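Heads up: the structure comes next, in structure tokens.
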Amino acid sequence: MDLFEHQAKELFARYGVPVPEGAVAATPEEARAIAAELAGPVVVKAQVKTGGRGKAGGIKPAPGPAAAEDAARAILGMDIKGHVTRSVLVEVANVPVEEYYAAFLVDRAAGAFLAMCSASGGMEIEELAVTDPGALLKVPIDPLRGVDHETAAFIVTEAGLPSDIAEEAVDILVGLWKVMAGEDAVLVEVNPLARTADGRVLALDGKVTLDENADYRHERPADVAQGGDDLESRAKAKGLNYVKLDGSVGVIGNGAGLVMSTLDVVAQAGARPANFLDIGGGASAQVMADGLGVILSDPDVKSVLVNVFGGITACDAVADGIVAALATLGEQGATHPIVVRLDGNNAEAGRRILDQAAHPAVRQVPTMDGAAEEAARLANAAA
Amino acid sequence: MSIFLNKDSRVVVQGMTGSEGGRHTARMIAAGTNVVAGVTPGKGGLVHQGIPVFSSVAEAMDTTHADVSVVFVPPRFTKGAVLEAVDAGIGLCVVITEGVPVHDSLEFLSLAKESATRIVGPNCPGLITPGASNAGIIPADITAPGRIGLVSKSGTLTYQLMYELRDIGFSTAVGIGGDPVIGTTHIDCLQAFQDDPDTDAIVMIGEIGGDAEERAAAYIEKHVTKPVVAYVAGFTAPEGKTMGHAGAIISGSAGTAQAKKEALEKVGVSVGRTPSETARLMRALLEAA
């Protein structure tokens, strides 16, 4: 789970990483009150889980409480790359004289943690990595040792951070690692890590991604849905592994790899998939009904492709699930053509069950490629 | 012959007395696997499904000479279970469990690197040497023994290809798992298949995210002389969305299916557009040989 900037900064503060003083506001009036309390120039920042806030006008300086209220009014409700702004962070304005970059993340290639650090922070780090790769230090971190004082000092020196702030930077890196290890984070990023005119070093921005697999051993902040697709929220509530896409062929399958592959085959057949939905190995009637229910409520969907390979679960059980699911859905189940491809264990028995049920919406195609072509044809004909 | 697993493998199941562990132990035995022991802390002395249960992997190995462990314990106990198997010096530890915290995986993988233990997984379907032994949850009855080696991040795509090529059959199929951090990699399997006299050709299945396929392509160019056919899933996946597998996410420009396909084709690997086409490519290749 990605955290909002203010949530990331709360974690930073808890682990001793200095951040600007501030608080989060959901209304312009709250923003005004926070600015009044902070007494001085503030900055009002949209709390959305995406980059490019500054360019979109989601970050505004304000000399005082009245200006902070106006800024919050302008920013709240703003759509930034599809994310609707529901809250703003109001914090003391700190003018950086120098900007650095620091991050810890999981490096898949090396099978280790990676530290990244640069004396040239501020800009997009992907950009820096391309324009001046030498300026971005990458150091693998031993998972068993972590980032102790010595490792942090090595990173700070090698990255070329100025020696007069090295001590502060080392403490900050050690603190950021404690966030990483202590909170089961997979990404902790500070950009910029700023030095101010009065010689302080602090995290002006913060990005933290937490490992949901470790939620059981932490108290996590509530995951505030924001501008989320309604279908995605609905699917999530039913425990479905669903991602909304922009096409017209609804896709259900078992296994993430097979579903991803099904999306590709639909695209090759000349249509666009409306979603990703993995119902997993079991493919019970209830899960099938929930999945079909979500897909058939998508107004973009013109046809549905159910692509199941019977591995552990035999196809006759899957077919029983489809029949029961369609019975549960009633009329909704008959609104769009449903192309079903069953293959693998007991495929013939499964196909026979669907033939006998003779549901008006269901048609069977024995191969994955053929089924995708049929679903694409039906979707395009209905468009 | 085969890689990593054969008819002489002696398998211990960690978490055998749990529901998943029990169910899949029965399936493994039905597939001909020599399951010699189960391990559940505190349940040593029990006999479950006719198999003796021990309280630790070390005891199970002492008594039964088990050399492969398959881990079915819940995520919160997985790190402990794997470290126990590593400490006991088992040769192969197959971690089926889905949902292991990545900090835990990095810790046990890091410790295993210094040890005698090969880890497959976590979050994987395991591996099968058809007709000889099955360590994990890959369905044994959809395919047959043969001379193709298969390595894949995805479970169901593995099954799909094994089924389509069941008449030719497989030496070993390895599901390495879809997590961001895993033990045995595509390259490890490619190397083992290259060295296995009973493998004539290799199918490699990849998916979006990371750069494992690109690195595999570089490895193939230098070290693999056997024919390789590949399939990559996720051409239509949008940036920034996780597609089911925790590892299957495109961030920035890295990790796209197109980039992986190009890297593989550049080193002479035929890449199928669909699973079926991939199977056809393999068939044509073997018939031409």
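Bear in mind that the values in this text are calculations on the coordinates, not laboratory data. Being a predicted model, the structure only gives us computed values, none of them experimental. Using ideal geometry, Cβ is built from the backbone for each residue, glycine included, and neighbour counts are taken over all protein chains shown.
Summary table below
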{"item": "Extension gain, A:Glu348 back to A:Lys55 (0.36 nm per residue minus Cα-Cα distance, nm)", "result": "99.7 nm"}
{"item": "Percent RCO, i.e. relative contact order, over chain A, from Cα pairs under 8 Å lying at least 6 residues apart", "result": "13"}
{"item": "Cα coordinate range in region B:10-120, projected on the principal axes (Å, largest first)", "result": "36, 28, 27"}
{"item": "Förster radius 41 Å - calculated FRET efficiency between B:Ala289 and A:Arg220, Cβ distance, rounded to 0.05", "result": "0.15"}
{"item": "At 1.306 mPa s and 10 °C, Stokes D of region A:21-92 from Kirkwood alpha-carbon radius, µm² per second", "result": "139"}
{"item": "Shape metrics for the protein assembly as shown, restricted to C-alpha atoms - Rg then Dmax, Å", "result": "26.6, 80"}
{"item": "Listed residue (B:Thr40, B:Leu157, B:Val94) projecting farthest to the positive dipole end of the protein assembly as shown, Cβ model", "result": "B:Leu157"}
{"item": "With Cα atoms, 0 to 90° folded angle of helix A:315-329 axis to chain A main axis", "result": "80"}
{"item": "Span from the region A:1-49 Cα centroid across to the region B:115-129 one, whole angstrom", "result": "45"}
{"item": "Cα-Cα P(r), region B:143-289, percent of pairs per 10 Å interval", "result": "12, 47, 34, 7, 0"}
{"item": "Peptide-level mean, for B:7-17, of C-beta atoms on other protein chains within 10 Å", "result": "0"}
{"item": "DSSP beta bridges in the protein assembly as shown [antiparallel fraction, %, rounded to 5]", "result": "50"}
{"item": "Unit charges at the beta carbon, dipole of the protein assembly as shown: most positive-side option, B:Gly22, B:Leu286, A:Pro192", "result": "B:Leu286"}
{"item": "Fraction of beta bridges assigned by DSSP in region A:230-382 that are antiparallel (%, nearest 5)", "result": "20"}
{"item": "Cβ-placed point charges (K, R +1; D, E -1), dipole of region B:10-120 about Cα centre in debye, nearest 20", "result": "300"}
{"item": "Most to least packed among B:276-283, A:100-107, A:122-129 [average Cβ atoms within 10 Å]", "result": "A:100-107, B:276-283, A:122-129"}
{"item": "Rg(Cα)/(2.2 N^0.38 Å) for region B:64-133, N = residue count", "result": "1.05"}
{"item": "MRE, 222 nm, helices only [DSSP H, n ≥ 4, -39500 (n - 2.57), over chain A, to nearest 500]", "result": "-11500 deg cm²/dmol"}
{"item": "Cβ-placed point charges (K, R +1; D, E -1), dipole of region A:1-56 about Cα centre in debye, nearest 20", "result": "260"}
{"item": "In sequence order, calculated HN-Hα J values of region A:113-124 (Karplus, 6.51, -1.76, 1.60; Hz; x Gly/Pro)", "result": "7, 10, 9, 10, 8, 8, 7, 10, x, x, 7, 4"}
{"item": "Principal semi-axes in Å for region A:119-193 [√(5λ), Cα gyration tensor, largest first]", "result": "20, 16, 12"}
{"item": "Efficiency of FRET between B:Arg280 and A:Ala334 - r from beta-carbon atoms, R0 41 angstrom, step 0.05", "result": "0.70"}
{"item": "Ranked A:Ile353, B:Ile220, criterion: other C-beta atoms within 10 Å, fewest first", "result": "A:Ile353, B:Ile220"}
{"item": "Chain A, Cα convex hull volume normalised per residue, Å³", "result": "165"}
{"item": "Inter-site label distance for B:His223 and A:Glu167 at 7 Å from Cα along Cβ, in nm", "result": "4.9"}
{"item": "Residues A:Asp290, A:Asp215 arranged by fewest to most Cβ contacts within 10 Å", "result": "A:Asp215, A:Asp290"}
{"item": "Region B:23-77-region A:164-198 distance, computed between alpha-carbon centres (Å)", "result": "45"}
{"item": "Charge sum, other residues only, whose C-beta stays under 15 Å from A:Ser284's C-beta, Lys/Arg counted +1 and Asp/Glu -1", "result": "-3"}
{"item": "Gaussian network model of chain A, springs between alpha carbon atoms under 10 Å - residue of A:Pro18, A:Pro221, A:Pro61 with greatest fluctuation", "result": "A:Pro221"}
{"item": "Computed magnitude of the charge dipole of region A:21-92 (debye, nearest 20; Cβ of K, R +1, Cβ of D, E -1)", "result": "440"}
{"item": "4 °C / 1.567 mPa s Stokes-Einstein diffusion coefficient of region B:1-68, Kirkwood radius on C-alpha pairs, µm²/s", "result": "109"}
{"item": "For region A:255-322 and region B:262-280, distance of Cα centres in Å", "result": "25"}
{"item": "Exercise: per-residue mean of other protein chain Cβ atoms within 10 Å, B:211-218", "result": "1"}
{"item": "Neighbour-count ranking [beta-carbon atoms within 10 angstrom, fewest first] of A:Val339, A:Val24", "result": "A:Val24, A:Val339"}
{"item": "Stokes-Einstein translational diffusion, region A:195-354 - Kirkwood Rh over all Cα pairs, 0.692 mPa s, 37 °C, in µm²/s", "result": "187"}
{"item": "Dipole of chain A, positive end: most advanced residue of A:Gly330, A:Ile252, A:Gly310 [Cβ charges, Cα centre]", "result": "A:Gly330"}
{"item": "Label-point gap, in nm, between A:Met1 and B:Thr63 - each point 7 angstrom along Cα→Cβ", "result": "4.3"}
{"item": "For residues of B:157-164, the mean tally of beta carbons on other chains within 10 Å", "result": "6"}
